[in-house]
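Q: What follows is a structure written as C-alpha cells; I'll ask about it next.
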C-alpha cells in the first residue's frame, strides 16, 4: 500500500546531536571590498577560512548590500543591494556560491520599488517575496512595495504598493516577510497607520490582498526595523526600535488567530536599547536577539527571552574591542552556536563576526572586518548548505517547504504538486539516515513530534534516485 503524504511520522533518531561542526557561513558588508562598494564573504564557524568572494561593482553609485543572503531551493543565494542598478536605486541579484558568479536580476527604478534594506524569502509556492521601503506606483518618493520573483522564468511582479493611509496600511517596511502556518505572509512597516508609528500587516498570496492587522503606538512600541518570527507556540514575535515605557523599544507577541497584541518587555537602556534586527528561536525554545544600543558600554547587548515564563536575561555587553552597534540579527548554525555581526568595533573599527554559545554564554570574536575585504556589515549571516539544489531534475518545479520551523509538537511539509512514488529521507547531523519513507504520494505531510530529540535534521525528497527538494528541520523544546 502506498504511503500517503499526509500522515504522522514516528522518527527514531539518536538522542544526542551536539556534534562538533564547522559550518560555512556567508555574509555581506555594505562598504569596503576591492571597489569600496561592499562585498560578499564566507567564513568558517571556528573563525578560520575568511575569504572575500565578490566585490560589488557599479558605475556611479555604490552597491551597499544590506540584509542577508537567502539560499533558495535551487541552491543559489539571493539578495538585494540598496544603491546599485541602472537607476542607482537598488538591485535584486543571484549569487552562485559554487562558481562565485554574480547575476543581476532586477533593477529597482522607483515605480517597482527603491532602496531595499532587507532580503527575500521563499514561500510554499516556490516564489521569492520581498519588500522595498521606498518607491511604488508613484515613483521613488513613495511608501514602498511588496514584490514576488519566480526563479524558473525570472518573472518579477510588483504586488502591492503601500499608501501610508492611516486607515488602510503603513509605509516604509524595513524588514523581511515571513510565511505563517496559515499560509499568509506577515510583515511590519516602520511608519504609517493610525498613529504614524508603523503597523503589522498580512498579505494573502492568492488574492494579493494586504490587510493591516494592528496599529503600533508610542506606548506599545513603534518604528520596527526588523522582521517578525513565528515561534513554536504559533504566535508571532517581534521588536520595535522605539516606543514603550522608556521610548527605547519593546519585545512583543501577536496572535494572528485572535488579533491580540501583547507588549512583553520594555527596553530600559541598561538591558539594551533600540534593536534594529529580529528575534530568532533557538533549538532550546528560547528567543535570542540583539540591541544596537544600550548595555554597560552603550553599544548594544545580546539577550534571551523565555516565552514560557516571559523572562528576559541580558547575556553579553558589546564593547569597542569585540564589536559595537549590531544592525542585524543572530542566526543558529548546525553546530548549535549563535552567530552574528556588528557594524563597527573590532581591531579595525569596521565590525566583527562573532559566535555565541547559548549553552555556556561564551562570546568569541571570530574575525575583525577590514576595508580591503569588506567593511561595516549591516545584516545577518547565512549557513551554506551544499546539498540544496544538487542533482535536481533540470525541469523540476518541485518546492518543499516546512512550517512552522522550528517546531516543538507538529509541523507540516508541503510540495507544490502531487507526488507519485517519491522517497523521503531524514538525516541527522552525522549525515546518517534516520528514516526512509518510500512510495510517497500527495502534496502534504504532517510531522508530529513523538520521541524526537531536540536538534537539527536535513530532509531530502527524491524521485527516481535524483534529489528534487531538500530542507532543514529544527526540533525545539
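Each value in this text was obtained by applying a stated rule to the coordinates, not by laboratory testing. Everything numeric in this text was worked out from a predicted model, so none of it was measured. Cβ coordinates were reconstructed from backbone atoms using ideal geometry, including for glycine residues, and neighbour counts include every protein chain displayed.
Q: Can you put 143, 26 in order of Cβ neighbours within 10 angstrom, beginning with the fewest?
A: Fewest-to-most ranking of 143, 26: 26, 143.
Q: Here's a follow-up. Would you work out the relative contact order for the range 190-253, in percent, from Cα pairs under 8 angstrom that are 6 or more residues apart? Can you show the working numbers first?
A: Values: 135 pairs, mean separation 16.0, N = 64.
Relative contact order for the range 190-253 comes out at 25 percent.
Q: I need to check one value: relative contact order of the range 24-383, counting alpha carbon pairs closer than 8 Å and at least 6 residues apart, in percent. Before the final figure, lay out each step's value.
A: Values: 1189 pairs, mean separation 44.4, N = 360.
With pairs under 8 Å counted, the relative contact order is 12 percent.
Q: Another one. May I ask you to compute the full-extension gain from residue 448 to residue 436, defined as 0.36 nm times their residue separation minus their alpha-carbon distance, rounded to one decimal in nm?
A: Values: separation 12, 0.36 × 12 = 4.32 nm, distance 1.60 nm.
2.7 nm is the gain from fully extending residue 448 to residue 436.
Q: Run the simple label-point estimate for residue 384 and residue 155 please: 7 Å along Cα→C-beta, distance reported in nm.
A: Distance between label points: 3.2 nm.
Q: How big is the gap, in Å, between the Cα center of the range 71-126 and the Cα center of the range 289-366?
A: The range 71-126 and the range 289-366 have Cα centres separated by 27 Å.
Q: Order 172-181, 154-163 from most to least packed using the mean count of other Cβ atoms within 10 Å.
A: By packing density, highest mean first, the sequence is 172-181, 154-163.
Q: Another question, then. What's the whole-number percent of alpha carbon pairs in the range 276-370 lying beyond 15 angstrom?
A: 55
Q: Within the range 145-182, whose backbone N sits under 20 Å from a point 7 Å along Cα→Cβ of residue 255?
A: The answer is 180-182, whose backbone nitrogens lie closer than 20 Å to the label point.
Q: If you don't mind, another one. Within a 10 angstrom radius of the beta carbon, how do 255, 297 rank from fewest other beta carbons to most? Walk me through the numbers before you get to the answer.
A: Values: 255 13, 297 16.
The fewest-first ordering by Cβ neighbours comes to 255, 297.
Q: Can I ask one more? If you stretched the chain out fully between residue 357 and residue 217, how much longer would it get, using 0.36 nm times the residue separation minus the C-alpha to C-alpha distance?
A: 46.9 nm
Q: Sticking with this structure for a sec: So, by mean Cβ neighbours within 10 angstrom, what's the order for 301-308, 235-242, 359-366 with the highest one leading?
A: Most protected by this proxy first, the peptides run 235-242, 301-308, 359-366.
Q: Hey, can you rank 118-124, 344-350 by average C-beta count inside 10 Å, highest first?
A: Those peptides, ordered most packed to least, come out 118-124, 344-350.
Q: Hey, rough spin-label estimate for residue 420 and residue 269, points 7 angstrom out along Cα→Cβ, what's it come to in nanometres?
A: Calculated label separation equals 6.8 nm.
Q: So how many Å³ per residue does the convex hull of the Cα atoms of the chain work out to?
A: Expressed per residue, the convex hull around the Cα atoms of the chain is 133 Å³.
Q: Same structure again: State, to one decimal in nm, how far the label point of residue 96 lies from the label point of residue 349, with both points 7 Å from Cα in the Cβ direction.
A: With each label placed 7 Å out from Cα toward Cβ, I get 4.1 nm.
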